[in-house]
Amino acid sequence: MWQWALLAIAALGIGVTKSGFSGMGMIHVLIFAHVLGARESTGIVLPMLIAGDVFAILFYGKHANWSYIYRMIPPALLGICMGAWAMTWLDSAVYKPFIGATILLLVVLQTVRVWRPQWFENVPQSQWFAWSMGILAGTTTMMANAAGPVFGLYLLAIGLPKLEFVGTAAWFFLLINVTKIPFSWGLGLIRIDTLSMNLLLIPLVAFGLWLGRKLVQRISQRVFDSLILSVTAAAAIRMVLG
């Protein structure tokens, strides 16, 4: 029963994450990995993530900024292929700390950028930055469903307001997560028996998104940005520690 309780909390967390709090996505990643195993959980969670993306699009999809989605999709697809290849031979004990350290470095860079914006004045809009973040987002989403903090930091760096942030992330992750289905199925991470668990937990994803939506409406842009950074940093440290 305690395992099902943790899974229910994690499903709620997916919904809250899809409402805009991308850094909190690491919480459900850690819970599912703890209960179901780091590698196995990536495929089991995927249908719930897709459901969360669909729910988020219903609320925020019209606010999406498609120019940034088009810019990030090609490198993200490359990253997915790289992640799928790495999963065939890398142990999760190796790649989880690596992903956590990478995300933590991005948090540090974003924090420095807030305090010293002149140092990074032209970086967020550069092509190399978009491709670097896109490849990293694709790799981390394939290997650990952990691209939320990466893409969230990218959207913070380019300065998208709250509603555009959530709408852009919703469409981006729907496209990316649907693309991951054949890879996860081929790796044996999505099976008929795992889909029954998804049917039980998806209603909690919808409820979590409703709760997150209420919270997004009540906080300022500055508090929103600070929450994204702080929760992302905490989750990244947890990944590094294992």
Notebook entry, point to check: Can we say G186 is surrounded by 15 or more Cβ atoms within 10 Å (Cβ to Cβ) and of a type outside the set (V, I, T)?
Noted result: no
Note to self: Residues that are closer than 27 Å to V108 by Cα and loosely packed, with under 15 Cβ neighbours inside 10 Å: does region 152-172 have at least one?
What the structure shows: yes
Item checked: Residue in region 189-228 that is modelled with the highest pLDDT, counting only those that are hydroxyl-bearing (S, T, Y) and surrounded by 11 or more Cβ atoms within 10 Å (Cβ to Cβ) -> T194
Note to self: Go through (1) at positive phi; (2) in contact with a Ser or Thr (Cβ under 6 Å, 6 or more places away or on another chain) for I44 and report which single condition fails.
What the structure shows: (1)
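Hey, could you check region 1-51 for residues that are of a type in the set (F, W, Y) and more than 15 Å from the chain's Cα centre (by Cα) and say which is nearest to T179 (Cα to Cα)? Steps first, please.
The initial filter retains those residues of region 1-51 that are of a type in the set (F, W, Y), namely 2, 4, 21, 32.
Those left that are additionally more than 15 Å from the chain's Cα centre (by Cα): 2, 4.
Numbers: W2: 33, W4: 28 Å.
Across region 1-51, the extreme among qualifying residues is W4.
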Notebook entry, point to check: So, in region 1-37, of the ones that are of a type in the set (G, A, S) and surrounded by fewer than 21 Cβ atoms within 10 Å (Cβ to Cβ), which residue ends up modelled with the lowest pLDDT?
Noted result: G37
Notebook entry, point to check: Which of the residues belonging to region 155-210 are aliphatic (A, V, I, L, M), farther than 20 Å from H63 by Cβ and part of a helix (DSSP H, G or I)?
Noted result: V178, I181, I192, L195, M197, L199, L200, L201, I202, L204, V205
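The values are calculated or read from the model by the stated rules, or taken from the named source; none is laboratory data. Just so it is clear, the model here is predicted, and its values are computed rather than measured. Neighbour counts run over all protein chains shown; Cβ positions are idealised from the backbone, glycine included.
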